[in-house]
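The values are calculated or read from the model by the stated rules, or taken from the named source; none is laboratory data. Predicted model only: the values in this text are computed from it and were never measured. When we count neighbours, we look across all protein chains shown, and the Cβ atoms used for this are built from the backbone with ideal geometry, even at glycine. Calculation scope for accessible area: heavy atoms of the full protein, side chains included, ligands and nucleic acids excluded. Shrake-Rupley method; radii C 1.70, N 1.55, O 1.52, S 1.80 Å.
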Amino acid sequence: MKEKVVIIGGGVAGLSAGIYAAKNGFDTEILEMHSVAGGQCTAWERNRFRFDYCLHWLVGTSKGAFHDIWKETNVLNDRTEIIDHEIHSQIIDGKGNTFIIYADIDRWEQYLLGIAPEDEVPIRRMCKTMRKSAFLEPFALPPELRSPLDYIRIMPKFFPLFRVVRKYGRLTCREYFDRLHFKSPRIRSALYTMYGERNFSAMAFIFMLAWFNQKNAGYIKGGSYPLAQRMVERFTSLGGAISYRKRVEKITVENCMVRGVVLADGTSIAADYVISAADGYSTIYGMLGGKYVTKAFDHAHKNWELFPPLVQVSFGIGREVLSEAPIVLNFTKGMSIGSTRLEFGYSLMNYSYDSTMAPEGKTTMVMRFETQWDLWKDLEGDAYRAEKDQILKDATVCLETIYPGISGFIEATDVATPKTDVRFTGVRNGAYEGFMPTRENMMKSLKMQLPGLRNFYMAGQWLVPGGGLPPSAQTGKWAVQLICRKKKQEFKS
């Protein structure tokens with residue numbers, strides 16, 4: 001009989017693990033608490049408008065180890081269309097001034113020089129650093145399977161990055177911008193407001209634009225839901241099974257070896273291996289009862305900053321509204337939407353570039369803003385519904401400031417809160433991408449195996465600060481590679 005692998009969670013990490021487990025001959029079952037797979041990589045429809053919850057851009061759309069995973073898991077195939085935007089984002093301040101971040105570093109450099117010739121030296125220095133960062137490539141193998149030769153092979157590519165990492169690896173964006181000594185109020189206002197007013201890693205900012213410059217962080221037409229369903233199709237075609245509406249309550253352990261899981265309804269499912277692609281905190285402190293907590297896990301969950309939870313307000317617009325920039329960021333000070341005072345403004349995504357998101361001649365727009373979990377954790381019933389109603393009213397006013405007269409064309413709306421995210425995915429405190437990449441943790445990660453516990457593996461974005469789909473899918477693959485090593489069988493991708 002085939003050995004059985006049970007995977008907790010049917011998000012991108014769980015689907016990735018399931019695909020590779022099935023490819024390598026295991027009897028594989030994914031247990032998903034929601035009625036659909038994909039986790040936070042999802043979308044929903046209202047009146048024929050699709051409201052996407054996840055995908056803005058995806059690292060690995062053209063090359064590298066992540067690209068290989070997307071091809072192997074059916075995220076990318078001959079029918080998927082990739083859109084590489086010319087503009088990364090457009091920033092609007094309280095005075096109506098705009099600032100553009102171009103995806104092409106050469107073009108952005110010329111734009112910056114045009115508005116601030118007095119800052120030629122720091123502008124060229126920053127853009128040069130970003131170009132060097134294009135050499136960054138993720139490892140294809142998990143740390144446990146890398147040989148000295150693997151590190152030697154990557155050294156020629158990593159060498160140009162060595163000084164960058166040594167110089168800026170422990171800096172926040174604010175500290176990085178301070179070192180560059182920008183003089184232009186326009187540049188300082190835009191960069192400091194967008195990235196400098198929080199504990200955000202300078203390396204994360206630098207790497208992000210380097211990926212865009214390579215055209216290796218495109219948007220996949222159709223968005224999140226079709227992406228996840230392509231993974232489901234690949235998994236089931238390999239003989240894998242997904243069981244929906246199955247919440248895991250406990251991971252069973254005997255003699256320091258996992259034996260399976262127990263569901264919330266009391267059902268026991270036996271397994272030879274268990275991979276948890278669920279929320280990291282719930283797995284370690286809940287399903288495993290806090291019995292296998294390492295110092296690293298404990299330190300991370302007590303000290304590492306989480307991504308603030310999001311509120312998403314979606315609009316279906318009954319006419320075509322074109323936008324040069326896919327994302328507009330409004331950083332007007334002093335705004336509030338509902339009970340949330342907007343410390344970092346709001347973002348507005350105009351999906352006019354994706355014809356699958358709305359009926360012909362119409363447009364889907366999605367507004368997002370950060371909130372505080374404490375505002376939501378105890379909000380229930382009428383108070384919860386009243387807050388959502390007020391959010392929709394305030395968000396519509398904000399939409400009017402960017403597109404005057406637009407409210408008369410609104411045909412569909414939806415408000416998703418942090419509690420929505422927690423209810424359907426179980427993510428801790430609505431932290432949609434797990435740990436914030438900060439100077440304390442940017443170059444760190446958590447191990448996939450726990451000491452003293454055999455045949456158990458962690459996967460998903462809670463292992464890597466910054467989270468997101470690429471590390472989720474990669475750790476899913478790595479978990480199966482580690483199982484194959486344990487069994488001394490060749491891993492098939």
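The set of residues from the range 92-119 being of a type in the set (Asp, Glu), open to solvent by 50 Å² or more (accessible area, probe 1.4 Å) and closer than 22 Å to residue 347 by Cβ comprises just one member, 104.
Checked against the criterion of being over 19 Å from residue 416 (Cα atoms), surrounded by 21 or more Cβ atoms within 10 Å (Cβ to Cβ) and of a type in the set (D, E, K, R), the range 310-323 has no qualifying residue.
Yes/no per residue for (1) more than 22 Å from residue 326 (Cα to Cα); (2) open to solvent by 10 Å² or more (accessible area, probe 1.4 Å); (3) in contact (Cβ under 8 Å) with a residue 24 or more places away in the chain:
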| site | (1), (2), (3) |
| --- | --- |
| 45 | no, yes, no |
| 50 | no, yes, yes |
| 53 | no, yes, yes |
| 65 | yes, yes, yes |
| 80 | no, yes, yes |
| 90 | no, yes, yes |
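Say we look at the range 68-78 and pick out the residues that are outside any loop (DSSP other than H, G, I, E, B) and over 18 Å from the mean Cα position of the chain (by Cα); which of these is surrounded by the most Cβ atoms within 10 Å (Cβ to Cβ)?
From the range 68-78, those outside any loop (DSSP other than H, G, I, E, B) are 68-72; that's our starting set.
Retained after the next criterion (residues that are over 18 Å from the mean Cα position of the chain (by Cα)): 68, 71-72.
On the way: 68: 16, 71: 14, 72: 18.
By that ranking, first place goes to 72.
I'm trying to understand the selection: among the residues of the range 133-149, which are more than 24 Å from the chain's Cα centre (by Cα) and either modelled with pLDDT under 75 or surrounded by 13 or more Cβ atoms within 10 Å (Cβ to Cβ) (or both)? Selection gives 145, 146.
Against the conditions (1) among the basic types (Lys, Arg); (2) touching a residue at least 24 places away in the same chain (Cβ under 8 Å); (3) surrounded by fewer than 24 Cβ atoms within 10 Å (Cβ to Cβ), residue 423 satisfies every one except (2). Looking at the structure I just gave you, is residue 84 within 30 Å of residue 490 (Cβ to Cβ) and open to solvent by 30 Å² or more (accessible area, probe 1.4 Å)? It is false that residue 84 is within 30 Å of residue 490 (Cβ to Cβ) and open to solvent by 30 Å² or more (accessible area, probe 1.4 Å). The residues in the range 239-257 that are on the phi < 0 side of the Ramachandran plot, surrounded by fewer than 17 Cβ atoms within 10 Å (Cβ to Cβ) and out of contact with any strand residue (DSSP E or B) (no Cβ under 6 Å at 6 or more places or on another chain) can be counted, and the count is 2.
Residue check: residue 131 meets all listed conditions (1) within 30 Å of residue 479 (Cα to Cα); (2) of a type in the set (Lys, Arg); (3) touching a residue at least 24 places away in the same chain (Cβ under 8 Å) but one, namely (1). Taking the range 332-366 as the range and being among the aromatic types (Phe, Trp, Tyr) and surrounded by fewer than 22 Cβ atoms within 10 Å (Cβ to Cβ) as the test, the residues that pass are 344, 353.
Looking at 379, 392, which is the one that is touching a residue at least 12 places away in the same chain (Cβ under 8 Å) and either closer than 23 Å to residue 54 by Cα or touching a Phe, Trp or Tyr at 6+ places or on another chain (Cβ under 7 Å) (or both)? Steps first, answer last, please.
On the way: 379 fails: either closer than 23 Å to residue 54 by Cα or touching a Phe, Trp or Tyr at 6+ places or on another chain (Cβ under 7 Å) (or both).
After applying the criteria, what remains is 392.
May I ask you to list the residues in the range 432-470 that are open to solvent by 20 Å² or more (accessible area, probe 1.4 Å) and within 17 Å of residue 141 (Cβ to Cβ)? Hits for the range 432-470 are 445, 447, 449, 464.
For residue 274, state whether it is of a type in the set (Val, Ile, Thr), within 21 Å of residue 35 (Cβ to Cβ) and open to solvent by less than 40 Å² (accessible area, probe 1.4 Å). So residue 274 does not fit the description; no. Residue pairs whose Cβ atoms lie under 6 Å apart, separated by 6 or more positions or on different chains, with the first residue in the range 107-118 and more than 17 Å from residue 213 (Cβ to Cβ) and the second assigned to a helix (DSSP H, G or I) and open to solvent by less than 50 Å² (accessible area, probe 1.4 Å), are 116/187.
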